[in-house]
Each structure stands twice: as C-alpha cells, then as structure tokens.
Amino acid sequence: MWFKPWDKNKVKSNDQVAMDRLPRHIAIIMDGNGRWALKRALPRSMGHRAGVEALRKVVKACSKLGIEVLTVYAFSTENWKRPKDEVGVLMTLLTEYLRKELLELHQSNVVIRTMGKLNDLPPEAQHELAHAMKSTRDNTGLILNLALNYGGRSEIIDAVKSLSKEVLTGEQRIEEIDEQSFSEKLYTRGLPDPDLLIRTSGEMRLSNFLLWQLAYTEIVVVEELWPDFGQKALVEAIKAYQKRDRRFGGIHTN
C-alpha cells in the first residue's frame with residue numbers, strides 16, 4: 001500500500017498543535033457527501049449541502065490558526081459525468097455559498113482565489129466568483145483557493161502549451177526551462193506547494209488533483225466523510241502532519 005489511512009486513535013488527546021510548525025498550505029479532497037446522505041436515507045443533494053457547512057467550518061478554523069493557503073477540490077473536470085440534476089445542485093450551492101458567506105469571509109480578511117477552466121461554469125457561477133475575487137483581492141489573510149472544473153493533467157498540458165508558445169516566439173529558451181519556470185505556468189503560480197493533503201472518506205487516490213504540486217506533500221487520509229469533518233478533525237490531521245519527518249528525498253545527518 002502506498003500510504004496508510006491515518007489512525008486518529010494513535011494521536012494522544014493531550015497533544016497540542018505546534019504553532020511554529022503549521023503547514024503553510026493545506027489541500028483537501030472533500031469526499032463522501034453522497035455516502036453521508038445515503039447512510040441517512042437522504043437525497044445526495046442534502047449531502048452536498050452538509051458538505052458546504054463542513055467547508056465553512058474548516059475555512060474558519062484555518063483562518064483562526066493562521067494557515068496561509070487552503071485549496072479545496074470543489075468540482076473536478078470529471079464531475080461533469082454526474083447526473084445533470086446533481087451537477088446543477090453543485091453549481092447552485094457554489095453560488096449560494098459565495099453570496100451568503102462573502103461578507104463574513106471579507107471581514108475575516110480571507111482572499112478568494114480560483115483555479116480551473118472557469119469559462120465552462122454556468123454564467124451565474126462565473127459572475128459570483130468574479131465578484132468574490134474582486135471584493136477580497138486586497139485582503140491579506142487566508143487564501144481560499146477553490147479548484148473548480150479542475151483537473152491535474154489538464155493543468156499540466158496547459159502549462160506545456162504556454163511554455164511552448166513562448167519558445168516558438170523566442171520569449172523562452174528550451175535550455176532555460178526548469179521546475180521554477182514550469183511552476184509559474186500552473187494554476188497555482190505564486191502559491192507554495194501544499195505541505196499537507198487531507199482526503200476524507202478513507203479513499204486512497206489523488207483523483208487527478210494537483211499532480212505536480214503534491215510531489216513532496218504529506219498525505220493524511222481520514223475515515224470521516226466530508227460532512228462530518230470539522231475543526232477538531234482538521235486539528236488532528238495537522239497534529240498527524242507535525243509528527244512526520246519531512247526529508248524531501250534526502251536524509252537527516254544529525
């Protein structure tokens with residue numbers, strides 16, 4: 001097995017988060033809304049609505065902790081394959097979230113940022129996203145990065161195309177292309193790579209999420225379904241992260 005699910009029972013309840021070793025960037029694959037609803041004999045739409053509430057709690061917790069960036073996988077390029085009604089619900093919830101939470105997010109100094117092919121989203125969602133980004137662009141607190149109509153492979157292809165055009169026009173020399181210049185063509189340009197990836201619902205896959213950026217990210221898989229994930233679960237995941245020995249391919253000499 002590539003990596004094991006995090007066992008929260010192994011983390012002592014008296015452990016404290018080390019505020020000087022917080023992850024700068026947390027990425028989350030928010031998984032399990034449908035299963036949460038199924039377990040309660042509810043329609044999937046109710047699971048997605050509960051998932052929005054979980055996101056609200058996690059954003060607030062990250063902001064209070066002083067996390068620099070929170071990237072959440074809100075809608076993938078593959079999610080268009082879902083039933084049309086379910087996709088419609090997801091888009092409606094996105095616009096509702098932005099309308100209802102924007103004032104509080106702005107007052108909490110949160111910066112709203114997006115990544116993905118936004119032009120394929122419904123016009124109403126595009127409008128609310130543009131308004132939210134413009135309203136919060138001068139804030140200096142937590143960057144809430146919403147991955148919408150996002151796919152990791154598509155992102156890499158777009159970066160290759162962008163660099164290729166610069167080579168053809170003479171703006172870029174092939175010999176000078178390196179990891180830094182490539183990273184600057186990604187949707188996450190200007191942001192640090194994630195230190196911690198959290199995936200809920202116990203699933204063991206990346207699902208085409210941040211394939212380049214997660215090269216040395218610490219992965220914490222939790223059994224909670226996303227609507228059950230909140231501040232306490234976030235803190236426990238950070239504690240688990242802080243117990244990791246991050247060597248980035250090297251070794252410690254002391």
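The values are calculated or read from the model by the stated rules, or taken from the named source; none is laboratory data. It should be emphasised that the depicted structure is a prediction, and the values quoted were computed from it without experimental measurement. In this analysis, Cβ positions are derived from the backbone assuming ideal geometry, glycine residues included, and neighbour counts consider all displayed protein chains.
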Q) Leu55 fails exactly one of the following numbered conditions: (1) in contact with a Leu (Cβ under 6 Å, 6 or more places away or on another chain); (2) among the aliphatic types (A, V, I, L, M); (3) assigned to a helix (DSSP H, G or I); (4) surrounded by 22 or more Cβ atoms within 10 Å (Cβ to Cβ). What is the number of that condition? A) (1)
Q. Tally time: how many residues in region 220-245 are of a type in the set (Lys, Arg) and either in a helix (DSSP H, G or I) or closer than 15 Å to His25 by Cα (or both)?
A. 2
Q: Inspect region 42-49 for any residue being modelled with pLDDT of 95 or more and among the small types (Gly, Ala, Ser) and give the result as yes or no.
A: yes
(Q) Can you say whether Thr200 is crowded, with 17+ Cβ neighbours inside 10 Å, within 15 Å of the chain's Cα centre (by Cα) and closer than 30 Å to Glu171 by Cα, as far as the supplied structure shows? (A) no
Q: Taking the options Ala37, Ala74, name whichever one is buried (at least 16 other Cβ atoms within 10 Å of the Cβ), modelled with pLDDT of 95 or more and outside any helix (DSSP H, G or I).
A: Ala74
Q | Residue among Leu103, Leu90 that is surrounded by fewer than 16 Cβ atoms within 10 Å (Cβ to Cβ), assigned to a helix (DSSP H, G or I) and either more than 17 Å from the chain's Cα centre (by Cα) or free of Cβ contacts under 8 Å to residues at least 60 places away in the same chain (or both) | A | Leu103
